[in-house]
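Working notes, structure below.
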Amino acid sequence: MLEKRSLSYSDGPVPVPIDDVFLVDNVQRIRICETDEGVKDHGVLLFWQVKPVVHVFQLSEEGPCEESSADGQLSSFHEWILPAKEFDGIWESLIYEPGLKQRLLRYAQSALLFTEKGVDPFLVSWNRIILLHGPPGTGKTSLCKALAQKLSIRFNSRYPQCQLIEVNAHSLFSKWFSESGKLVARLFEKIQEMVEEENNLVFVLIDEVESLAAARKAALSGSEPSDSIRVVNALLTQMDKLKSSPNVIIMTTSNITAAIDVAFVDRADIKAYIGPPTLHARYEILRSCVQELMRAGILSDTEEPVKFTLPNYATAQERQVAQGPEMEGLCKMLLEVAETCEGLSGRSLRRLPFLTHASLADAYSCDLAKFLCTMRDTAKKEQTELPD
Ligand SMILES: Nc1ncnc2c1ncn2[C@@H]1O[C@H](COP(=O)(O)OP(=O)(O)OP(=O)(O)O)[C@@H](O)[C@H]1O
C-alpha cells in the first residue's frame, strides 16, 4: 500500500484504502507511528530514505483471567493475553513530555535485544526491571500496560505468545502474612512456568510496590509478625531468580518513591518519574477529550457530528491558526483552560469534560465556545478542591 500510493504520511491512523480488496477483507485498521523522530522541522522524507517496519497483529478478546487464593478471599493476580483488546489505544491516549514514552520503549527493546543476542550479564549488566513513580493519577499503571502491549506487538515474530501478570502488591502484603508467603510462592511458581516456555514473553506488573517497604518496616518495628520480612525477602529473591530468564520484564509502580525498599529501587534499571502533566500535555489531553465529544455528537447544535479538528499545541501556542479567527478564539480558550488546570492529574483532566457537561443547564445543546467557558469554571472549582 505504502509503495503503490504516492502519498505522504504522518503519525496517526490511515484509512484502509477501499480500492484494495485484500486489505479491506483482512485489515481492520492501519496506524503509522514514530515517524516524528526521523523528520526534523516538519520536513518530508522520501520513500527510499526510510525503512518502514510493519507489525501485523490480532487482539486477544479473552479478557483477564483472575487468580484467587484457596479461600477465595484474596485475588493475588490477573493474567492477560497480549495484545489485548482492553489495552488497545492506551499508548496513544497517554500524553507526556516529548520523549518519555519513547525512552521507555527503547529501554525495553534494548533489554530484550541484549538478552536475545546473548550479551554476557557479568560484563554488561541489566535487569529488565522498570520502576515508574510519581503522584497518583498520572497514568503509571496505564503506561506499564500500554508498554507491555506495544512490546508484545513489536516482538511478536520472536515471541508469538505474550502475557501480562498484574499483581497488586498491596493485596499480597495486606493482612495475613503467613498467607502472603504462600501467595508469593504460588505467584512465582506460575510465572516460572510461563517463563520456561521460551516462546513466551512475560510482563509482570507490580502495582503499589511501596507496600513492600511498609511491610518490612512494620516487621522491623515489631508491629507485624516477623514472617512479613521473610515475605518481602522471598519476593526479592524470586525476582532475582527471574533475572536469568531472558523473556521476562518486570514493571513496577509507586506513588511515593521515598518509601520504596532501597533493596528494590537498586534493582530497577530505569526509574522514571511520572509527574503531573505539563501545559503542553494538559492542552493535548483536553483537546483529545473535546475532539471525542465532538465525534460523539455531544458538542454540537446540530444532529450532524462536527467534523473540524482543533489545532495542536504548537500551532495554538504560536497563534498561527490558519482556520480563521473563530478557531483562533477557540484555541485561545482551550489554552486558558489548560493553564487553569495546573496541578491537576491526568486522571482529573480526563474527568473534567464529563464534570463540565454535568454542570451545563442544557445538556442537549451546547456549542464549543460555551462548553470551553464552563470547562474553565469547572477547572477553577476543581483547583480549589485540591489538597495543599
Ligand atoms: N499523562 C496522561 N495523559 C493522558 N491520560 C492520562 C495521563 N495521566 C493519567 N491519565 C488518565 O488517568 C487515568 C488513570 O491512570 P492510572 O490509573 O494509570 O494512574 P496511576 O498513576 O497508576 O494512578 P495511581 O497511582 O492512583 O494508581 C488513565 O486511565 C488515563 O486516562
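Mind checking the stretch 330-376 for GluC sites (Glu not before Pro) that DSSP puts in a loop (not H, G, I, E or B) and that have at most 16 other Cβ atoms within 10 Å?
In loop regions of the stretch 330-376 (DSSP not H, G, I, E or B), the sparsely surrounded GluC sites (Glu not before Pro) are Glu342.
Nearest 20 debye, what's the magnitude of the dipole of the stretch 279-385 about its Cα centre given +1 on Lys and Arg Cβ and -1 on Asp and Glu Cβ?
I would put it at about 320 debye.
Tell me, what HN-Hα J-couplings in whole Hz come from the Karplus equation 6.51 cos²θ - 1.76 cosθ + 1.60 at θ = phi - 60° for each residue of the stretch 206-211, using x for Gly and Pro?
10, 7, 6, 5, 4, 5
Would you mind putting 90-97, 194-201 in packing order, based on average other-beta-carbon counts within 10 Å, highest first?
Per-residue Cβ counts within 10 Å, averaged per peptide and sorted highest first, yield 90-97, 194-201.
Got a number for carbon plus sulfur as a percent of the stretch 279-385's accessible area, 1.4 Å probe?
Roughly 52 percent, rounded to a whole number.
Using 23 Å as the Cα-Cα cut-off, could you pick out the over-long pairs in Lys51/Lys145; Lys190/Lys241; Lys101/Lys271?
Pairs exceeding 23 Å: Lys51/Lys145.
With a point put 7 Å past each Cα toward its Cβ, work out how far Thr315 is from Val44 in nm, to one decimal.
1.7
If you plug each phi of the stretch 344-353 into the Karplus form 6.51 cos²θ - 1.76 cosθ + 1.60 with θ = phi - 60°, what whole-Hz ³J(HN,Hα) values come out, in order, with x for Gly and Pro?
6, 7, x, 5, 5, 5, 5, 8, 4, x
The values are calculated or read from the model by the stated rules, or taken from the named source; none is laboratory data. Everything numeric here is computed off the predicted structure, so don't read it as measured data. FYI the Cβ positions are ideal-geometry reconstructions off the backbone, even for glycines, and counts take in every protein chain you see. Remember, those area values only see protein heavy atoms, side chains included, never the ligands or the DNA or RNA. Shrake-Rupley method; radii C 1.70, N 1.55, O 1.52, S 1.80 Å.
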